[in-house]
Amino acid sequence: MEVIGSVGRMQRQAAVWRAAGLKIAFVPTMGALHEGHLSLVRLARKRGDRVVVSIYVNPTQFGPKEDFARYPRPRRRDLELCRKEGVDAVFAPSTLYRSDASTRVIETEKSLGRCGRHRPGHFDGVATVVVKLLNIVQPDVAIFGQKDAQQCDVIERVVRDLDLPVKIVRGPIVRDRNGLALSSRNTYLSAEEMEVALNLPRVLRAVKSKRQMTMRQRERMARERLRRVKGLTLDYVEAAGAYLCAAVRVGGTRLIDNVRITGNG
Ligand code: AMP
């Protein structure tokens, strides 16, 4: 497995593979890898001849009061996991931005609402780094997790609008045995906070099972139930297409989740 730190070297490696007719499948991450990330790597394996994982904690998608500094960075373990999964190259730059960088990618529809409303500028940072990464890794396919549903919406729109020659694939949400969607941020949770956090998937699951309800009714019910949970602050419950999406905060940790509604909604 190659571990690549420079943009030029990654671009040259990608060019060599492409010239040999090999299909590149790409999984962008911020590291602190868990089974959710690894499920995307396995999807990539099926979709491409060469698999590239990027590990980069992207500063431009964190707000000034967010957890950029304390975001976990277990680099050795991440590389070991990638090696075990048969990843061909890990792209792990120390920085991706020049100090005088003056260009940003701003998506102006899918970025509104939900996390966009609660994390101003977040999706500008995401869109910008993803376009940069796609230009560096030059993949045929890029895999993103449905856990970050709005991120998928934004990226699909950016790729469409900018005619980027890449296919975006969504991988399903991977959960722990209690139903909590895996996230690198779950490691911030104390045992008590974990109990509180479990209400997020529990409420979404309960609301999903209400066969007769419309999406609006489900939204309202999820909102009411989550607001009643002690120790949990609701950021939003909001429908987006067939998905009911929610974000909450437990202690200092922000958690997001979504379920697909297949009933009346
Ligand atoms: P992150 O490292 O949090 O930026 O996530 C990197 C990629 O992994 C993103 O496409 C996420 O949506 C995806 N991902 C994170 N958690 C999960 C999960 N529990 N199940 C599936 N994909 C996930």
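For region 91-228, the Kirkwood radius over C-alpha pairs fed into Stokes-Einstein at 10 °C and 1.306 mPa s yields D = 90 µm² per second. Relative to its residue count, the chain spans a Cα convex hull of 133 Å³ per residue. If R0 equals 41 Å, the separation of the Cβ atoms of Arg175 and Asp100 corresponds to a calculated FRET efficiency of about 0.45. Scalar couplings 3J(HN,Hα) for region 59-73, obtained by applying the Karplus form with A = 6.51, B = -1.76, C = 1.60 to θ = phi - 60°, are x, 6, 9, 9, x, x, 9, 8, 9, 3, 5, 9, 4, x, 9 Hz; x denotes Gly and Pro. Once the chymotrypsin sites (Phe, Trp or Tyr not before Pro) in DSSP loops with at most 16 neighbouring Cβ atoms within 10 Å are cut out of the chain, the longest remaining piece is 98-265. Counting only DSSP beta bridges with both residues in the chain, tell me the antiparallel percent, nearest 5. DSSP beta bridges in the chain are roughly 45 percent antiparallel.
Net charge in the neighbourhood of Arg117 (other residues with Cβ under 11 Å of its Cβ; Lys, Arg +1, Asp, Glu -1) is 0. Of all aspartates and glutamates in the structure, those lying under 14 Å Cα to Cα from Lys84, and not within fewer than 8 positions of it along the same chain, are Glu2, Glu35. Between Met30, Met215, Met194, the residue with the greatest mean-square fluctuation in the GNM of the chain (Cα pairs under 10 Å linked by springs) is Met194. With each label modelled as a point 7 angstrom along the Cα→C-beta vector, the Lys210-Ala191 pair spans 3.4 nm. The slack in the chain from Thr233 to Asn135, taken as 0.36 nm per residue of separation less the alpha-carbon distance, amounts to 31.5 nm.
Less than 5 angstrom separates the built amide H of Ser54 from those of Val27, Thr29, Phe91, all sequence-distant by 5 or more or on a different chain. Considering only Thr60, Thr103, Thr29, give the residue with the highest GNM mean-square fluctuation for the chain, with springs between Cα atoms whenever their separation is below 10 Å. Among Thr60, Thr103, Thr29, the largest GNM mean-square fluctuation belongs to Thr103.
For Arg260 and Arg220, the FRET efficiency from 1/(1 + (r/R0)^6), where r spans their Cβ atoms and R0 equals 22 Å, is about 0.75. For Val174, the residues 5 or more places off, or on other chains, whose built amide H falls under 5 Å of its own are Leu182. A simple rule links phi to the HN-Hα coupling: the Karplus curve 6.51 cos²θ - 1.76 cosθ + 1.60 with θ = phi - 60°, which for region 178-195 gives 8, x, 6, 4, 5, 7, 4, 6, 4, 5, 6, 7, 6, 4, 5, 5, 4, 4 Hz, with x for Gly and Pro. Pairs from the list Lys46/Lys110; Lys110/Lys210; Lys208/Lys230; Lys65/Lys208 with a Cα-Cα gap above 25 Å: Lys46/Lys110; Lys110/Lys210; Lys65/Lys208. Placing a pseudo-label 7 Å from each Cα along the Cα-to-Cβ vector at Arg249 and Glu80 gives an inter-label distance of 3.5 nm. Each Lys or Arg adds one and each Asp or Glu takes one away; over the other residues whose Cβ falls under 10 Å from the Cβ of Ala246, this sums to -2. With a Förster radius of 25 Å applied to the beta-carbon distance between Arg9 and Lys65, the computed FRET efficiency rounds to 0.10.
Since every read-out is calculated from the coordinates, none of them should be taken as a lab result. Remember, predicted model here, so these are calculated numbers, not experimental data. No Cβ is skipped: glycine too gets one built from the backbone with ideal geometry, and neighbour counts run over all protein chains shown.
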